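One structure below.
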Amino acid sequence: MCSIVLIREKDSFLIATNRDELLDRPSEGPEIRQGKILKSFSPKDSLKGGTWLGLNEKGLFVGITNRFTPQPNKDLKSRGEVPFLALDWSTPSEAISKISLLEAKDYNPFHLVLVNIDEAIIFWSDGNHFHTENLKEGIHIVTESSFGAGENLRASYFEKRLKQFSMNSSIQSFKNLLSEKVDPSFCGPCIHIPEKNYGTRSSLIIKMTSKEHEFHYSNTSPDEPNWIDYKYLMPEILNL
């Protein structure tokens, strides 16, 4: 599970996302990583070697959520491979043209968000076929239950809260939003279910405009005081 909020305006976008995972699944924080073609700033799953999000040197953000399925097939390829593949390309459209060549049946279902300041696309799989949809200006919410995968109570919660938000809202207000917990836990942004060894493991906020670039990351639950401001690395990461 994960949740991705995208706010898109002309020549700008903001991403706020939580990663939900087993509490003891090992992972690495974001680093500058060299792909086959482009470099990206991304975390890494130490277990399977993939990632769940990243920002590459061309200003392309890629983020993935699992898509709810009753019985995931553990023998399939890791979905974490797909974001790394996409991050090797300059634009959402270019990345889609390449990853569309993959076989949907090789992976459990997922939703992949691809966005830069010029365009935004969601590329998703139901486990049998790939689907794509262009995302217009406005607010978009992607969770494991999007596109008819299940009752999307978490998206409904985000929709109500985001009525108070815009691109100009403070970074701190988005950190606070990602930190909110509700009962039952799966219906809110920040999940905390220690009895199931499960919860929100990390969070990200990116703001990209023609004039400014922000990158804030927490390698723990967003309600803990562990956010790191990586704005100082943006000139090194981006080669726009």
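What follows is calculated from the coordinates using simple rules that are stated; it is not laboratory data. These figures come from a predicted structure and were not determined experimentally. Quick reminder, even Gly has a Cβ in these numbers, built from the backbone with ideal geometry, and neighbours come from all protein chains shown.
Couple of notes before you dig in:
- Lysine pairs in the range 46-156 with Cα atoms under 17 Å, if 8 or more residues apart or on separate chains: 5
- Phi-based couplings in Hz for the range 223-232 (Karplus 6.51, -1.76, 1.60; Gly and Pro marked x): 8, 9, x, 10, 5, 10, 8, 9, 4, 5
- The aspartates and glutamates within cross-link reach of residue 163, meaning a Cα-to-Cα straight distance under 16 Å and a gap of 8 or more places when in the same chain, are 9, 137, 180.
- D (Stokes-Einstein, µm²/s), Kirkwood Cα radius, the chain, 1.306 mPa s at 10 °C: 90
- Under Karplus coefficients 6.51, -1.76 and 1.60, residue-wise ³J(HN,Hα) of the range 51-62 in Hz, glycine/proline x: 9, 10, 6, x, 10, 9, 5, 8, x, 8, 9, 10
- Once both labels are positioned 7 Å from their Cα atoms along Cα-to-Cβ, the gap between residue 236 and residue 136 label points is 4.1 nm.
- When +1 charges are put on Lys and Arg Cβ atoms and -1 charges on Asp and Glu Cβ atoms, the dipole computed for the range 165-240 relative to its Cα centre reaches about 140 debye.
- Look at the Cα gyration tensor of the range 73-125: its axes a ≥ b ≥ c give a/c of at least 1.5 with a/b over b/c, and that counts as prolate.
- Here the spin labels are modelled as points 7 Å beyond Cα on the Cα-Cβ line, and at residue 12 and residue 229 they lie 1.8 nm apart.
- Net dipole in debye of the range 2-237 [+1 Lys, Arg Cβ; -1 Asp, Glu Cβ; about Cα centre; nearest 20]: 20
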